[in-house]
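Structure first, commentary second.
Values in this text are rule-based calculations from the coordinates and carry no lab data. The structure displayed is predicted, hence computed values, not measured ones. Every residue, glycine among them, receives a Cβ derived from its backbone with ideal geometry; neighbour counts consider all protein chains shown.
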Amino acid sequence: MREPHFIRSSTFRRALAVAGMFAVFVIVLFGFIYWQTDDYLIARSDKMIATQLNSIAGLSGAQQTDAIDQHLKEDSRGVQYAALFDADGRRIAGNLQQLPPELKMNDSVQSISVVRMFPAGAQARVIRAVGRRMPNGDALVIGRDVDEAREISHVVGQALALGLLPAFCLCLMAGAWLSMRAQRRVEEVNQRVQRIIAGDLRERLPHRDVDESFSRLAGIVNGMLDEMETMIHALAGVGNDIAHDLRTPLTRARLVLERGRTNATTLEQFHAVTDKAITSIDQSLAIITALLRLAEIENSRRLAAFEDVPLHDMLREVCDMYEPIAENKNVDLRVEVKHRSSVRGDRNLLFEAFANLVDNAVKFTPEGGRVDVELTRGDNETIVRVIDTGCGIGEREREAVLRRFYRSDKVRSTPGVGLGLNLVAAIVKLHGFKLVIQPGPGGRMEVICPDRSLG
Amino acid sequence: MALVSGKRAAVGTGTAGAADGFAAVGYRLMTKVLLIEDDSETAEEITAELADRGFDVEWSANGIDGLDRARSSRPDAMIVDRLLPGMDGLTVIEALRKDQVRTPVLVLSALGAVDDRVRGLRMGGDDYLTKPFALVELVARIEALLRRPVETRETTLHVGTLELDLIERTAKRGDRVIDLLPREFRLLEYMMQRSDQLLTRAMLLEEVWNYKFVPATNLVDVHMGRLRHKVDGPGETQMIHNVRGAGFILRAGP
């Protein structure tokens, strides 16, 4: 037969162990009390018999016999022993049949076996006794039955039975109850988790409003589930965006191919159709590549490729690269290095980030405007500022621009994938820098590189 | 995709124009390329494309076999996928380099590991290309690896009537002096060292500007447009050619 489930649970086993330890402790405690009390009672009765011995021994012959008789008569519980024997060992008075041979006549109290005389007969007993040889050769023995010890052990045993057994059972029951309760909750959690695994993202763990470890844990897990649900929904949203952004060029490619298949009659026409289709497919690939790169940078923890990057040189190179584009657009692109400064980072990624910022600035600045790239120092930080005279980013859009594929309505007509700032943000974050969008007029982007950044 | 380059040259227009340049080179050298790639469809496309360009391609589907072939058949160049069954692509390269085999290697890799590029190059790869890539980019890079400019003491570069003085930092086309900005000079110098060779935008960014990244704008085209405007004056034969969907070629003739 299988043992019940709860017996195998660690909670129950722990309760069992605690109950066992408790029982041992209580038994030791009671034993100690018993032993101490017994000792005390024996010491007391020893003192009493010694005193009696002295008082009876101090009397004269006949008085001794009377005193013994009197003493025994007053003993209603029948625990007192007293006897007087003559030099030959014959009993003169008292309730002992004979002088115990092992009894040492040296005034010390000893445990000894004696035979007590009752009216009905004789009975052997172990008692505490003391004996003294009188000057006339008589032997006086005083003793006392120490059956209190037995009574005490009886009481202690009863107390143990009354206290310990119920306590032990209570422990076991509490253990069993706790373990079954824990198992019930685990089972409940398991069922809900299974539902979450099966795809029900709205499911949460059972949570009671009490300060209890299980509820607290459930609260923590629920918090995590909330966060993950939001993230998954956000991801799904991104997925939709991607699907939409991919569909556009792919639809174009499909249309071009379809029409080309029917209409192209010469090789030149066919080539033109193929080129158009390839361009559209390349566009979709570019979106996928950009997304993968973004994910890659966001997930990477690499510092291995980090090196000292002189920002003053890099910014000049960025501007040198974008100058012809700015010039074509009649935008004045200038770089101003107020402070030469190096940071630790990946030069390719940092270049890409700054190139993207400058690219954006040039793209969104109308003809005749200007773009300024500045490198300055703040408090323990290096700041790269890209300022343009374009439309800027409205306060309400500042968070949105960092979302994937977000394109402001103001610039919807400008070409681009809509991932540029995401990429910048991801790169900046990887380096432990900060991207700040300052309030306009115009666009003001800042990359703040703290001196004690990552690496 | 079984076109041989001869046929293709015969019908050559548009993009096929690029093939002419490659084909000429390919026929002359009959270069042997070893491709180690486990995906058979990718390998098939690459093999067919390289064969079109006149290369002699040997294909191996796993690292161990690839390493054996690299040792036995001594190819002129190798294309090695990063992730391979049997033996990792980088391990193959490392093993070859230990044997003092200096064959130029182009490493292919799927996206997903930024560090791969650094590691690939550190392990002895000569160039690195991430999937998905355009075939034309792959061929251009293999070409570039095979025809790396020889170290010369020449201080003047010549292509046709074009002349570049590396000491004086001056450029002339025939008698006409071309006034170049430093960045234009660097670009022209790179192109003249690799005349008759297709240079893709990514290659130009990597080699001339020394940065590996994907620009949001058609940066290279703008720079190239300016350079072309200066190099190919009115009435002169065009030397800088834009190969559609691929890149640029500097050629003495039309």
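With θ taken as phi - 60° and the Karplus curve 6.51 cos²θ - 1.76 cosθ + 1.60 applied, the whole-hertz 3J(HN,Hα) list for the stretch A:377-386 is 10, x, 6, 6, 8, 9, 10, 9, 10, 10 Hz, x standing for glycine and proline.
Using the average count of surrounding beta-carbon atoms within 10 Å as a protection proxy, the listed peptides A:375-388, A:244-257, B:42-55 rank, highest first, as B:42-55, A:375-388, A:244-257. Averaging Cα coordinates gives a centre for the stretch B:163-191 and one for the stretch A:154-205; these two points are 87 Å apart.
The residue among A:Val114, B:Ile142, A:Ile387 whose Cα reaches farthest toward the positive pole of the charge dipole of the protein assembly as shown, with charges on the beta-carbon of Lys, Arg, Asp and Glu, is A:Val114.
Every helix of 4 or more DSSP H residues in chain A counts as -39500 (n - 2.57), and over all residues that averages to -19500 deg cm²/dmol at 222 nm.
In chain A, how many lysine pairs have Cα atoms under 29 Å apart, counting only pairs 8 or more places apart or on different chains? Here the count comes out as 17. Counting Cβ atoms of other protein chains within 10 Å of each residue's Cβ and taking the mean over peptide A:266-274 gives 2. A Förster distance of 30 Å, applied to the separation of the beta-carbon atoms of B:Ala252 and A:Gln269, puts the FRET efficiency at 0.40.
Any aspartates and glutamates with Cα under 13 Å of the B:Lys230 Cα? List them, leaving off those in the same chain fewer than 8 positions away. Excluding near neighbours in sequence, the set is B:Asp179, B:Glu184.
Mind checking the full-extension length gain between A:Gln36 and A:Glu327? Use 0.36 nm per residue of separation minus the Cα-Cα distance, one decimal, nm. If you can, show how the numbers build up before the last one.
On the way: separation 291, 0.36 × 291 = 104.76 nm, distance 10.59 nm.
Full extension of this stretch gives 94.2 nm more.
Taking every C-alpha pair closer than 8 Å and separated by at least 6 residues, the mean separation divided by the residue count of the stretch A:85-234 gives a relative contact order of 12 percent.
What does the structure give for A:206-216 when I average, per residue, the other chain Cβ atoms found within 10 Å of the residue Cβ?
On the way: counts 0, 0, 0, 0, 0, 0, 0, 0, 0, 0, 0.
Whole-number average of other-chain Cβ neighbours for A:206-216 is 0.
Couplings 3J(HN,Hα) for the stretch B:171-179, derived from phi with the Karplus relation 6.51 cos²θ - 1.76 cosθ + 1.60 (θ = phi - 60°), are 10, 9, 10, x, 9, 7, 7, 9, 8 Hz, where x marks Gly and Pro. Report, to the nearest 10°, how far helix A:213-263 tilts away from the longest principal axis of the Cα atoms in chain A, using its own Cα long axis and a range of 0 to 90°. That works out to roughly 20 degrees. Along the axis of the charge dipole computed for the stretch A:1-143 (Cβ charges of +1 for Lys and Arg, -1 for Asp and Glu, origin at the Cα centre), the listed residues A:Val130, A:Ala15, A:Thr37 are led at the positive end by A:Ala15. The charge dipole of the protein assembly as shown, taken about its Cα centre with unit charges on the Cβ atoms of Lys, Arg (+1), Asp and Glu (-1) only, comes to about 820 debye. Phi-derived couplings, Karplus 6.51 cos²θ - 1.76 cosθ + 1.60 at θ = phi - 60°, listed residue by residue for the stretch A:203-211: 5, 10, 6, x, 9, 10, 7, 10, 7 Hz, with x used for Gly and Pro.
Under a point-charge model restricted to the Cβ atoms of Lys and Arg (+1) and Asp and Glu (-1), what is the dipole moment magnitude of the stretch B:156-250 relative to its Cα centre, in debye to the nearest 20?
Numbers: 13 positive and 13 negative charges, 57 e Å.
Computed about the Cα centre, the dipole is about 280 debye.
Taking the highest mean first, how do the peptides A:137-144, A:73-80, A:174-181 order by number of other beta carbon atoms within 10 angstrom per residue?
Numbers: A:137-144: 22.6, A:73-80: 11.9, A:174-181: 17.0.
Descending mean neighbour count gives A:137-144, A:174-181, A:73-80.
The modelled label-to-label distance between A:Asp379 and B:Arg176, using points 7 Å beyond Cα along the C-beta direction, is 6.0 nm. Peptide A:277-289 has a mean shielding of 2, counted as Cβ atoms of other protein chains within 10 Å of each residue's Cβ. In percent, rounded to a whole number, the relative contact order of chain A is 10, using alpha-carbon pairs under 8 Å and six or more apart. Helix A:420-430 and the longest principal axis of the C-alpha atoms of chain A enclose an angle of approximately 40°. Charging the Cβ of each Asp and Glu at -1 and of each Lys and Arg at +1, and nothing else, the dipole of the stretch A:98-199 about its Cα centre rounds to 460 debye.
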